[in-house]
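Read the structure below first, then the notes.
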Amino acid sequence: MVLIYKRNIPKVTNRRNQRPILILLALSLLFFVLSRYIPFKDADRIKGEMTEASRIMSKAVDIIRECREEKGFTLDRDSDINMTGLIGLELSPLTTSLGSLEAKRTSTNPNFAGLIVFLLEESGVRRGDAIAVGASGSFPALIVAALSALKAMDLRPLVICSIGASQWGANNPDFHWLHMHSCLLRKGIFGREPIAVSLGGHKDSEENIIPGGLAPLLKETRERGVLFIHEPDLKQNVETRIELYEKKAGRAKVKAFINIGGNWSNIGDDSEVLKLKPGLVKTKRIPPLQKRGVLFEMALRKIPVIHLLNIRGLVERYGLPWDPVPLPRPGDGRIYQLAREKQLSFLLLAAFYFLLLIAFFIFRNRL
């Protein structure tokens, strides 16, 4: 019996059918190469400033950690898992409100300084501009990030900060934000004192401070020559801060406002602040005068506002990790690619690529 095997000979693929696929592949590869390797002057400059800001913050964090240890304060490895020295206490005489430990740890990522550079670039500031900063001691890491960004961009910081802080912030009475800032000034990382401080918390008053705790804080600020703002009326408090920012800015005028945390004086008493997305703010409604914080007053005056409060929203929007262990290195993160993708030259290149794709699908049968 003779068995006859029939071989299945594969059909030769029509090369003409392959041509559209090869063209599409070539277009996509070309766009990838051009978008990744063509130098975009502004994007490269911005990325350089972002990376430099992150490096400055990383160095500043090291100094704060060393300073804290020199003062004899042991770092808690359970709460401060990356050993930054920027995580405070769960409860203390300076604790003004509840706070998220994970959010505080997330904010210690040095690439937050790079993010602030990115947001300032979006707001259109220029070298030498005066930038107002309204900060709560709840997020000392973000104050460091903002100062690092301003230094990298050669901008002039006008900082008003609160000494009180929410849980896990700079709420250690023996090592609060002014102590941290002193360490950084001595080491030459930053060169300017805050233009004013306040207590923070509800109505920015001593309601949040244990009896007898106010006098030492007042003494510290007097010794450093820093103005102390103590005004429980919101309208008057905001006016005082705005006038101080304008006076210190001089003829240059304030060109942007950075809000860090949920300081009562900065966000005000109106629920409209809850609708604001983190990052560069777009306000749809300005609260009435009696409920308006500094943030909305700046927005009313057409001054760009950067809002840094919702940490979870920030990291999700700009591609930074949540509660990372270990902390990312300076220059790592999706935010550095965004600096490139936001440039007009990149957007034009992307638009041209998509036009080619549309043309390809329209005429692919003729290829």
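Computed quantities for the displayed model
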read-out	value
Protection-proxy order for peptides 281-289, 173-181, 70-78, 320-328, each taking the mean of Cβ atoms within 10 Å per residue, highest first	173-181, 320-328, 281-289, 70-78
Met298, Met57 arranged by Cβ crowding within 10 Å, fewest neighbours leading	Met298, Met57
Residue (of Leu218, Ile195, Ala252) at the positive-pole extreme of region 149-253, dipole from beta-carbon charges	Ala252
Part-to-part distance (alpha-carbon centres) for region 72-99 and region 308-331, which is given in Å	19 Å
Residue order, fewest to most surrounding Cβ atoms within 10 angstrom, among Cys161, Cys67	Cys67, Cys161
Nearby lysines by direct alpha-carbon distance to Lys151 (threshold 16 angstrom, same-chain neighbours under 8 apart not counted)	Lys47, Lys59, Lys187, Lys255
Estimated dipole of region 41-334 in Debye, rounded to 20 [Cβ of Lys and Arg +1, of Asp and Glu -1, Cα centre]	1120 debye
Segment Ile358-Arg251, extension gain: residue separation times 0.36 nm, minus the distance between their alpha carbons	33.4 nm
Extension reserve of the Leu218-Ser100 stretch, reckoned as 0.36 nm per residue once the Cα distance is removed	39.7 nm
Label zone at Leu227 (point 7 Å along Cα-to-Cβ), backbone N below 12 Å, region 256-291	none
Region 136-163 residues near the modelled Arg126 label - backbone nitrogen below 19 Å, point 7 Å along Cα→Cβ	150-157
Positive-end residue of Val305, Gly333, Val315, charge dipole of region 271-333 with Cβ unit charges	Val305
Three-way shape call for region 141-298 based on the alpha-carbon gyration tensor, with the a/c threshold at 1.5	oblate
Footprinting exposure proxy for Ser58, Ser100 (fewest neighbouring C-beta atoms within 10 Å first)	Ser100, Ser58
Rounded, prolate or oblate (a/c below 1.5 giving rounded, otherwise prolate when a/b exceeds b/c) for region 41-334 by Cα gyration tensor	rounded
Residue-by-residue Karplus 3J(HN,Hα) for region 84-101, coefficients 6.51, -1.76, 1.60, Hz, glycine and proline x	8, x, 9, 9, x, 9, 5, 9, 6, x, 9, 6, 9, 6, 5, x, 8, 5
Spacing of the two label points (7 Å from each Cα toward its C-beta) at Trp322 and Ser182, in nm	3.8 nm
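Every read-out reported here was derived from the displayed coordinates using simple, explicitly stated rules and does not represent laboratory data. Computed from a predicted model, the values in this text were never measured in an experiment. All Cβ positions, even for glycine, are placed from backbone atoms using ideal geometry, and neighbour counts span all protein chains on display.
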